[in-house]
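Remarks on the structure that follows.
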Amino acid sequence: MASSKTAPLVGIVLGSKSDAEVMNAAKEMLDELGVPSEMRVISAHRSPERTLEYASTAESRGLEVLIAGAGVAAALPGVVAAKSLLPVIGVPVPGGHLAGIDALLAICQMPKGVPVATMAIGTAGAANAGLFAAQILAATRPELREKLRAWREKRKAEALAGEELS
Ligand code: RP5
């Protein structure tokens, strides 16, 4: 299980503290699966030097997957992907006049050569980012693969139990 002493495998970065309410869903999912993670606020626009430093040192610090959540003109996932060879999962955070459509397009429309795996807008996307990060890590960790299998089985049982409404 994850503990504060365990070295993080997943780095979750947010463009602003205001993204935390949505992005906590990624952290909670990783915690549930026992995957150690860290969460940091770094902004592609407001603190670009810090963002580049975080991304370029992530791999040497032992991180294996990065999750980046941002809203509006969401440059953070793409900038992080530009500075690291780790897989980057982007989460469009809703907010502003376009309710996350702006962030969705900014994150998924990466040019050829710098991929970002883009999730759905909002908390569902953040939770899926946690699951997707775990699935990447599970490729070489059979025990995590079994946890994911059990997680899916539980959701299936819940869906079957709720089948009959009347
Ligand atoms: C983006 O601007 C952040 O990711 C956030 O979603 C949005 C608004 O930031 P705040 O003005 O709330 O700090 O860079």
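The values are calculated or read from the model by the stated rules, or taken from the named source; none is laboratory data. Worth saying up front: this structure is predicted, and the values here are computed from it rather than measured. Virtual Cβ from ideal backbone geometry, glycine too; neighbours counted across all protein chains shown. Keep in mind that these areas ignore ligands, DNA and RNA; they rest on the heavy atoms of the full protein, side chains included. Shrake-Rupley method; radii C 1.70, N 1.55, O 1.52, S 1.80 Å.
Considering only the stretch 59-78, state which residues are over 16 Å from Leu104 (Cβ atoms) and buried (at least 24 other Cβ atoms within 10 Å of the Cβ).
Val65, Leu66 - these are the residues of the stretch 59-78 that are over 16 Å from Leu104 (Cβ atoms) and buried (at least 24 other Cβ atoms within 10 Å of the Cβ).
Take the residues in the stretch 83-101 that are farther than 21 Å from Thr51 by Cα and free of Cβ contacts under 8 Å to residues at least 60 places away in the same chain; name whichever of them is most open to solvent (accessible area, probe 1.4 Å). My answer is His97. Residues of the stretch 1-34 that are surrounded by fewer than 17 Cβ atoms within 10 Å (Cβ to Cβ), assigned to a loop (DSSP other than H, G, I, E, B) and at pLDDT 95 or above: Ala7, Gly34.
Please enumerate the residues belonging to the stretch 102-115 that are among the hydrophobic types (A, V, I, L, M, F, W, C) and open to solvent by 20 Å² or more (accessible area, probe 1.4 Å).
Going through the stretch 102-115, the residues among the hydrophobic types (A, V, I, L, M, F, W, C) turn out to be 103-108, 110, 114.
Answer for the stretch 102-115, where residues must be among the hydrophobic types (A, V, I, L, M, F, W, C) and open to solvent by 20 Å² or more (accessible area, probe 1.4 Å): Leu104, Leu105, Ala106, Cys108, Met110, Val114.
For the stretch 118-147, the set of residues classified as assigned to a helix (DSSP H, G or I) and open to solvent by less than 30 Å² (accessible area, probe 1.4 Å) consists of Gly125, Ala126, Ala127, Ala129, Gly130, Leu131, Ala133, Ala134, Leu137, Ala138, Leu144, listed by residue number. Would a scan of the stretch 9-24 turn up a residue that is more than 17 Å from Ala117 (Cβ to Cβ), without any contact (Cβ under 8 Å) to a residue 60 or more places away in the chain and more than 14 Å from the ligand (Cβ to nearest atom)? Within the stretch 9-24, none of the residues are more than 17 Å from Ala117 (Cβ to Cβ), without any contact (Cβ under 8 Å) to a residue 60 or more places away in the chain and more than 14 Å from the ligand (Cβ to nearest atom). Taking the criterion of being open to solvent by 20 Å² or more (accessible area, probe 1.4 Å) and within 15 Å of the ligand (Cβ to nearest atom), the residues of the stretch 45-57 that qualify are His45, Arg46, Ser47, Pro48, Arg50.
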